[in-house]
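Colleague: Below are the structure tokens for one structure; questions will follow.
Rule-based calculations on the coordinates, nothing more; no lab input. Please read these numbers as outputs of a predicted model, since none were measured by experiment. All Cβ positions, glycine included, derive from the backbone under ideal geometry; neighbour counts span all protein chains shown.
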Amino acid sequence: MEVKYVKVVNRGSVTGEEYEWHMMELENGKIVAMRINFDAIQELDGEDYDKCILPVGECVYDEDCEAYNLIKRECRDYEVIDDFYIDMDGDAGHSKTVPQGLVMGALVAIEILVPVVALAAFVGLTLFFHMIGVKIGIFPPLIRRKQ
């Protein structure tokens, strides 16, 4: 897997109805909207954010994003990319398509199913190896047969 680093310049931020949008200038001079999780930033030079590694982002193609018009008003001198934004906050707009209750239900089901399946596999393998041990004479049988 190839990791590519892209240099961006922070041109400020604007606050919308739901999120704070950061205006980042790309190497080609265009402005792109970003949502950033500042707890996940890796600092490179001391305590300031002059040089840092931003968290992994996902391009979210959303034509109705509130950030585009806000950023276009702020950055009149730049070309603004208005067909996608970069989400480094972890939401990536998935809550718009997947109901939160459905996701939580799946997570709870997984948290219950995985231990049950693991326990069943452990018991099954233990009985299987015990049966092999009985056949070769290492272990006594669990249930004695009537003579």
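Colleague: Would you mind putting 72-83, 114-125, 24-35 in packing order, based on average other-beta-carbon counts within 10 Å, highest first?
Modeller: On the way: 72-83: 13.6, 114-125: 9.9, 24-35: 17.1.
Those peptides, ordered most packed to least, come out 24-35, 72-83, 114-125.
Colleague: What is the calculated FRET efficiency for residue 61 to residue 107, with r their C-beta to C-beta distance and R₀ = 22 Å, to the nearest 0.05? Before the final figure, lay out the partial values.
Modeller: Numbers: r = 26 Å, r/R0 = 1.20.
My answer for the efficiency is 0.25.
Colleague: Let me ask another. Which order do 130, 22 fall in if you start with the one that has the fewest other Cβ atoms within 10 Å?
Modeller: 130, 22
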